Amino acid sequence: MEKRKFIKKLEKNIGIKKLKNQINAISAFFVFLVIGAAFAIYMNHSGVWLSYGIILAAVSLIILAVFASYRIKLQVKLNNMKLDYRENIVMPYAARYFEGGMFHVKGGPTEREIIATNMFSDASDYRYSSMNELKGKHKNISFMNADVFEDCDVNDAHIRGRFFEIDIDTKNINPVVLTSSSAPVLDCQNERVHPIKPQNDVVDRMFRVYAFDEREAENLLTENMIYKLRQLVGLQLGKIFRICFANGKIYLYFTTESNTYDEVLTKKHNVEDELLKVREKFMVVGKIIDIL
């Protein structure tokens, strides 16, 4: 019941369904007018009802013309309607789906915060930006998720992906970074960040490992943590996968082919169907936190 009320409230705020209903009502009224006009024509054949038939036919044609003009106006308005998908679908649903859920179209980590995770190159040729910030709690664990864009002037590379910041403390003092074997080698100017060769063959096969302290990295990569990492890779979230353990948090990033959410809401969208699509995006957050 609550879900149905929520959907109806969204539909009312958006206004697309209201326009469609108005157009359908006018179309149904057209049928009534056509029947009235046909009846008027029939009465025109009768001498007794001739005057009434002429009046009814004239009134029907006038009303038909007025409503036809109004219907065309509504149809043009519906066809041209383009609303912000994220503000009308994602934002209200985030507040409902997550504890303390908030969504900001222009929010997200700053370039400095992105580089500080040590998962991205800090060379001057690289630029980073973010948008579509989602914040909240899943099972009492705070998180932040956003779309992050990586642009390199040298090779004209433009990569996008989903970035996560999760409040789970793994107790390591210095950052430990793992990237999938398909990810490019990190070009980090911080001399303390360097690749290490993990003792575990599974980790060595699946990831490139970077750390300040090799012993600290090995202490972090327990059998339980390796199992969690394999589960995360098994989700097949993106071609490139990166994860960092630092500052009492876990940072995670995977590449995507497009932005997480649509940007334009039109008459082709059905609110209930779109909520299901957004729910699938939200569920990724829960899956990651549940694994970690």
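Search region 265-284 for residues that are over 21 Å from L232 (Cβ atoms) and pair each with any residue that is assigned to a loop (DSSP other than H, G, I, E, B) and open to solvent by less than 20 Å² (accessible area, probe 1.4 Å) when their beta-carbon atoms are under 8 Å apart and the residues are at least 6 apart or on different chains.
So the pair list comes out as V278/Y261.
Name every residue in region 278-292 that is assigned to a helix (DSSP H, G or I) and among the aliphatic types (A, V, I, L, M), in order of residue number.
So in region 278-292, the residues assigned to a helix (DSSP H, G or I) come out as 278-291.
Selection gives V278, M283, V284, V285, I288, I289, I291.
Just to confirm my filter: which helices (runs of 4 or more DSSP H) fall fully inside region 182-245 and include at least 1 residues that are of a type in the set (S, T, N, Q)?
Qualifying helices (runs of 4 or more DSSP H): 214-220, 223-234.
Considering each residue of region 108-146, count those that are in contact with a Ser or Thr (Cβ under 6 Å, 6 or more places away or on another chain) and either farther than 20 Å from N247 by Cβ or among the charged types (D, E, K, R) (or both), and give that number.
1
Output yes when any residue across region 75-86 is at pLDDT 85 or above, assigned to a helix (DSSP H, G or I) and surrounded by 18 or more Cβ atoms within 10 Å (Cβ to Cβ), and no when none is.
Checking region 75-86: at least one residue is at pLDDT 85 or above, assigned to a helix (DSSP H, G or I) and surrounded by 18 or more Cβ atoms within 10 Å (Cβ to Cβ).
Looking at K268, K281, which is the one that is within 14 Å of the chain's Cα centre (by Cα) and basic (K, R)?
K281
Any idea which of (1) open to solvent by less than 60 Å² (accessible area, probe 1.4 Å); (2) over 16 Å from V284 (Cα atoms) is the one D213 doesn't satisfy?
(1)
Look through G161, G136 and report the one residue that is over 24 Å from E257 (Cβ atoms), buried (at least 19 other Cβ atoms within 10 Å of the Cβ), under 18 Å from the mean Cα position of the chain (by Cα) and not acidic (D, E).
From the options G161, G136, the qualifying one is G136.
If I ask for residues that are open to solvent by less than 10 Å² (accessible area, probe 1.4 Å) and over 23 Å from Y93 (Cβ atoms), which ones from region 243-277 would you list?
Selection gives I243, C244, F245, A246, I250, Y253.
Report, ordered by the first and then the second residue, all pairs with beta carbons closer than 6 Å, sequence separation of six or more or different chains, a first member in region 207-236 that is under 21 Å from V185 (Cβ atoms), and a second member that is of a type in the set (D, E, K, R).
F212/R192
Can we say L252 is modelled with pLDDT of 85 or more, assigned to a strand (DSSP E or B) and aliphatic (A, V, I, L, M)?
On the way: modelled with pLDDT of 85 or more: yes; assigned to a strand (DSSP E or B): yes; aliphatic (A, V, I, L, M): yes.
So L252 passes the test.
Yes or no, residue by residue, for (1) at pLDDT 90 or above; (2) assigned to a strand (DSSP E or B); (3) of a type outside the set (S, T, Y):
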residue	(1), (2), (3)
S121	no, no, no
S129	yes, yes, no
N132	yes, yes, yes
G136	yes, yes, yes
V148	yes, yes, yes
V154	no, no, yes
H158	no, yes, yes
E165	yes, yes, yes
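The values are calculated or read from the model by the stated rules, or taken from the named source; none is laboratory data. This is a predicted model, so every value here is computed, not measured. All Cβ positions, glycine included, derive from the backbone under ideal geometry; neighbour counts span all protein chains shown. With ligands, DNA and RNA removed, areas are computed over all heavy atoms of the protein, side chains included. Shrake-Rupley method; radii C 1.70, N 1.55, O 1.52, S 1.80 Å.
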